């Protein structure tokens, strides 16, 4: 068994091979990015666009601080995921089982599967809506088509490299589309600066909880453990992996930030109530058909990347729960589990043409219980002696504890809003 410590001695031959492999992996720009960009692409979906648009439409620039705070906490936890992934020789659930207990691993696995699967229908619906805005036609049939395309991606011979390159391209598309959307909306920069001061206007709690939960995605940070292992990185690649983590997390938070800017500048003055991720595209039409089309491209990219990425998390966790070869995304059994999640989301999208409210409530309820638990589990793993030189220090531990308390605060706010 390979030691978790990055300082463990190995044979000269192994050292030379690992060193050469590491140099090869680190060579070039594309070789230094990947896992965190996949996380950003799968976390930022149509739900994020809808929530951020609703924030800007209803409260203007007042809640711009939410993606900023959430991004800081996401940076901390993605880095924790990287540290764990680089210093373990096992998958996510086996690592939790070995260092904590099998019961906790089971709870994390089942909970993560339920959360991402519950939101999968929304990703299918969003992909269909984006394509429908661009090319016309029934969004349901587009959703069905992209479900089939997603399945085809999964069964490619080398799934992870294709997934990584696809997510990088999609992230770039989203950046161009959504940043351009914000620029042409001409936001009030003075009001934007004032919106960086934390305040919670009356009636905004649900939106704050929603955006914070999607931008500060602990499930996405947890899955970083698997992604850095799929990348082939080792403890020697920590500096490269950390740069990737910082870049991916900043992009994730930045996308929510620019959507709020655009919505505050365009939707709030028009008095538009956001009920779908396509609302911003409709209001941009007076600026020009190209503006609405550009946003629709961003919407499609966000939805399709989440459709593919979320199902990868859900399928991997499902495989881990049943202890079937969950060590690699190249495993046919893991691919079958991923396919099942994609199919489930596509079927719900086609049958209902939207997201059933009960499915949303189930996802929110599971998230409220699960996310603080995952946060605690990640902190415990990060402080374990098995991390070796990658064990987090006191400063990062303090930020991580603040993050867990933040998650608990969101959970309490949700429960209070639900029952009072």
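The values are calculated or read from the model by the stated rules, or taken from the named source; none is laboratory data. Since we're looking at a predicted model, the values are computed, not measured. Note: ideal-geometry Cβ built from the backbone for every residue, glycine included; neighbour counts use all protein chains shown.
Figures for the structure shown
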item: Given (1) within 30 Å of residue 237 (Cα to Cα); (2) under 20 Å from the mean Cα position of the chain (by Cα), index of the condition residue 64 fails; result: (1)
item: Sole exception among (1) surrounded by 19 or more Cβ atoms within 10 Å (Cβ to Cβ); (2) modelled with pLDDT of 85 or more; (3) farther than 24 Å from residue 250 by Cβ for residue 125, by number; result: (2)
item: Restricting region 150-164 to residues that are free of Cβ contacts under 8 Å to residues at least 40 places away in the same chain and under 22 Å from the mean Cα position of the chain (by Cα), the residue that is nearest to residue 352 (Cα to Cα); result: 152
item: Residues satisfying the stated conditions in region 311-333, i.e. under 18 Å from the mean Cα position of the chain (by Cα) and at pLDDT below 85; result: 329
item: Conditions (1) touching a residue at least 60 places away in the same chain (Cβ under 8 Å); (2) assigned to a helix (DSSP H, G or I); (3) surrounded by fewer than 23 Cβ atoms within 10 Å (Cβ to Cβ); number of the one not met by residue 183; result: (1)
item: Test: residue in region 199-215 that is in contact (Cβ under 8 Å) with a residue 12 or more places away in the chain, part of a loop (DSSP other than H, G, I, E, B) and surrounded by 23 or more Cβ atoms within 10 Å (Cβ to Cβ); result: no
item: Evaluation of residue 116 against (1) surrounded by fewer than 24 Cβ atoms within 10 Å (Cβ to Cβ); (2) within 29 Å of residue 293 (Cα to Cα) (one fails), failing number; result: (1)
item: Filtered residues of region 238-255 (kept if buried (at least 24 other Cβ atoms within 10 Å of the Cβ) and either free of Cβ contacts under 8 Å to residues at least 40 places away in the same chain or more than 20 Å from the chain's Cα centre (by Cα) (or both)); result: none
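One line per residue, one yes/no per condition, for (1) over 22 Å from residue 120 (Cα atoms); (2) at pLDDT 90 or above; (3) surrounded by fewer than 24 Cβ atoms within 10 Å (Cβ to Cβ); (4) out of contact with any strand residue (DSSP E or B) (no Cβ under 7 Å at 6 or more places or on another chain):
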residue: 28; (1), (2), (3), (4): yes, no, yes, yes
residue: 40; (1), (2), (3), (4): no, no, no, yes
residue: 45; (1), (2), (3), (4): no, no, no, yes
residue: 48; (1), (2), (3), (4): no, no, no, yes
residue: 53; (1), (2), (3), (4): no, no, no, yes
residue: 61; (1), (2), (3), (4): yes, yes, no, yes
residue: 71; (1), (2), (3), (4): yes, yes, yes, yes
